[in-house]
Amino acid sequence: MSADPQVPLRADARRNRDQIIAAARSIFSDFGPEVPMEEIARAAGVGVGTLYRRFPDRDALIRAVAVDNFARVLDDARQAAEQEPTAWLALVRLLHQSVELHLSVQLAMLSKKAHEILKEDPAIASLRDELLVELEAMVRGAQREGTLRPDVAEGDVALLFALLLRQLESRSPEVTRLSTERSIAIMIDGLKAQPGTPLPGRPLSRHDIH
């Protein structure tokens with residue numbers, strides 16, 4: 001159970017909610033969603049009672065962070081598609097620059113607890129599907145440009161990104177961020193249209209990864 005998102009909040013209540021979500025996003029990104037709620041309240045600069053008034057339990061907070069985060073990623077994807085001169089550059093920008101994308105993958109696919117909470121959530125499902133549609137458009141556009149290898153689809157890119165992040169657990173957030181950036185750079189090089197090892201089977205679409 002979570003607070004009704006349709007009920008208008010007072011300015012101070014909205015500010016507290018935004019601070020809690022921002023703190024939780026940062027902490028979840030570095031340490032996962034199992035961090036004690038007291039630490040999140042402290043990072044947000046609010047009391048534990050305030051946190052629990054807005055989010056009655058951890059599940060409600062994880063769900064709110066995930067919805068907020070997927071919406072940010074979707075906005076990132078759409079801005080990249082609109083602002084970059086090519087689909088390839090839009091894809092590279094999304095993979096490299098979206099910190100929110102990293103957290104969305106961690107919550108939706110890498111954290112067992114978060115996955116259980118989010119897998120049946122209709123708001124998350126809708127945002128995830130919209131994001132995959134944007135990714136599909138980038139992939140197909142880059143293939144038409146001749147910059148992305150022709151034997152992959154958006155499901156391949158999404159799964160490769162998720163598998164890459166799964167391998168990057170570290171006790172040091174700095175090492176995790178550095179290794180993520182380096183590994184994404186290697187991944188992007190492997191996606192470029194160039195002679196390479198033929199891939200087995202068929203390209204995986206967004207429908208294959210649900």
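What the table shows:
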{"quantity": "Per-residue HN-Hα couplings for the range 136-148 [Karplus 6.51, -1.76, 1.60; θ = phi - 60°; Hz; x = Gly/Pro]", "calculated": "4, 5, 4, 4, 5, x, 5, 5, 5, 6, x, 9, 10"}
{"quantity": "Furthest towards positive pole of dipole, L89, G190, V48, structure part the range 14-194, Cβ charges", "calculated": "V48"}
{"quantity": "Cβ-placed point charges (K, R +1; D, E -1), dipole of the range 119-210 about Cα centre in debye, nearest 20", "calculated": "280 debye"}
{"quantity": "Simple Cβ-charge dipole of the range 14-194, Lys/Arg +1 and Asp/Glu -1, about Cα centre, in debye nearest 20", "calculated": "440 debye"}
{"quantity": "Neighbour net charge for Q194 - beta-carbon separation under 13 angstrom, K R +1, D E -1", "calculated": "0"}
{"quantity": "Whether the chain is rounded, prolate or oblate, judged on the alpha carbon gyration tensor where a/c under 1.5 counts as rounded", "calculated": "prolate"}
{"quantity": "Contour minus Cα-Cα distance for E174 and H207 (0.36 nm per residue)", "calculated": "8.4 nm"}
{"quantity": "Extreme residue, positive dipole direction of the chain, given options L132, L103, A153 (C-beta unit charges)", "calculated": "L103"}
{"quantity": "222 nm mean residue ellipticity, helices alone, for the chain (DSSP H n ≥ 4; -39,500 (n - 2.57); rounded to 500)", "calculated": "-22000 deg cm²/dmol"}
{"quantity": "Footprinting exposure proxy for L163, L89 (fewest neighbouring C-beta atoms within 10 Å first)", "calculated": "L163, L89"}
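The numbers here are math on the coordinates, done by the rules we state, and not lab data. Just so you know, these numbers come straight off a predicted model, no measurement behind them. With ideal geometry, Cβ positions are generated from the backbone for all residues, glycine too; neighbour counts draw on all protein chains shown.
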